[in-house]
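Just so you know, all these numbers are worked out from the coordinates, no wet-lab data involved. The model shown is predicted, which means the values in this text are computed figures rather than measured ones. Positions of Cβ are generated from backbone atoms using ideal geometry, with glycine treated the same way; all protein chains shown enter the neighbour counts.
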Amino acid sequence: MEYNEGKNSLFNFLSSFGMMLLGIFLLLGFSLGISIKQNPEYFYFPISGERVVGGDEYLGIPPQAKPIVPLQKNHGSYEDEITAKSVLIVDKKSGTVLFDKNSEELRPMASMTKLMSAMVLLELPRKWSEVIEITKSDTVFNGSHTIEIGEKFTAFDLWNAALINSSNKSITALVRTSGVTYDGFVTLMNRKAEGLGFTSLNFVGPTGIGEGNIGNTSDIIKLLEEALKYGKIKETLLIGEYYLQPLEQEKKRRIWSTDWLLTEWAPHRFKEVVGKTGYIEVSGYNFVSEITGVDGQKIMAVVLGAETNENRFLETRDLSKWIFDNYLWPDEEGYEELIE
């Protein structure tokens, strides 16, 4: 009897508790239903509105970046005579081609080769105060008499003569005393060119007198760009006049840069010009340069195979001036009007 009464009491308690829970759930469900009706976005993705121009802005995505390339102000073309066989001029920042003439043609680099030689020399251990005597083996051909066999110079002086005055004896002496063989040095030159992605460049010697030192305009521009990343190279190429000191001699020997735009023997109004020349009979007159305009615009220019020494500088100057006069850069007034 007591067992049955206890059983009935437990049943009654559970039934009451269950009814109470059911009531609570029904109440919550009713309230939630009202909330959903009042705020349907609570559980659903918002419905997309009509797209507008630049419509990604409402999602917090910035509009498409404005172009950063120079734009031509008119549709004119350069009309003066160009004796150079190959020419390429590009905007340094964007790589945009601004002028092109036979740019893919492979041509001898001549002494522009020394840009690669200089980079390899800087990557080998050397004391620049080292004294080097010029030997007969450094006389690769009957060239300048600025430096003679038997004279002694510091490695630093020979470095300056090699890049400022394009001295073949100097670069050959530096390679001879570099700690690697001649052939090993040339291998390092080609290996570096390959590592930098200069697919058209090929080197057979460090001076450039061999016609097998070849490349196209695009890779030659890249060669200068890479070389100018070395502070010691750029600093030297910006020296217009230098005094060599042959050791055991009292008088210094003045040399000039072969870059007539640097010395302004070819007058111009650019802010800065830094470059390297090259000439052998089969190449014609070559010149590769980085030119900074009066407003800070930078272009890279290479002229290969000009007919005369003077022409390579005048054609570089006149083409560059035409580009600065006929193109606008992104930060210049009027640029926005050229964008569709």
Original post:
Among the residues of the range 86-110, how many are buried (at least 18 other Cβ atoms within 10 Å of the Cβ), assigned to a loop (DSSP other than H, G, I, E, B) and over 18 Å from the mean Cα position of the chain (by Cα)?
Top reply: 1
Original post:
Only one residue in Thr187, Thr113 is closer than 23 Å to Tyr279 by Cβ, part of a helix (DSSP H, G or I) and within 30 Å of the chain's Cα centre (by Cα), so which one is that?
Top reply: Thr113
**OP:** Kindly provide the set of residues from the range 192-216 that are part of a loop (DSSP other than H, G, I, E, B) and closer than 20 Å to Leu88 by Cα, ordered by number.
**Re:** Leu196, Gly197, Phe198, Thr199, Ser200, Leu201, Asn213, Asn216
**OP:** Taking the residues in the range 186-196 that are free of Cβ contacts under 8 Å to residues at least 12 places away in the same chain and not basic (Lys, Arg) as candidates, determine which candidate is surrounded by the most Cβ atoms within 10 Å (Cβ to Cβ).
**Re:** Thr187
Subject >> Residue among Thr263, Thr292 that is hydroxyl-bearing (Ser, Thr, Tyr), in contact with a Lys or Arg (Cβ under 7 Å, 6 or more places away or on another chain) and surrounded by fewer than 21 Cβ atoms within 10 Å (Cβ to Cβ) >> reply: Thr292
Original post:
If only one of Val294, Val303 is touching a strand residue (DSSP E or B) at 6+ places or on another chain (Cβ under 9 Å) and touching a residue at least 12 places away in the same chain (Cβ under 8 Å), which one is it?
Top reply: Val303
**OP:** Residues being closer than 26 Å to Leu228 by Cα and assigned to a loop (DSSP other than H, G, I, E, B): count how many of those fall in the range 122-143.
**Re:** 8
Original post:
Within the range 321-339, can you find the residues that are of a type in the set (A, V, I, L, M, F, W, C) and closer than 13 Å to Gln297 by Cα?
Top reply: Ile323, Phe324, Leu328, Trp329
**OP:** List every residue pair whose Cβ atoms sit under 8 Å apart, with the two residues 6 or more apart in sequence or on different chains, where the first one lies in the range 309-324 and is closer than 15 Å to Tyr78 by Cβ and the second, anywhere, is assigned to a helix (DSSP H, G or I).
**Re:** Thr316/Leu261; Arg317/Leu261
**OP:** Specify which of the listed residues (Leu122, Leu163) is buried (at least 16 other Cβ atoms within 10 Å of the Cβ) and not hydroxyl-bearing (Ser, Thr, Tyr).
**Re:** Leu163
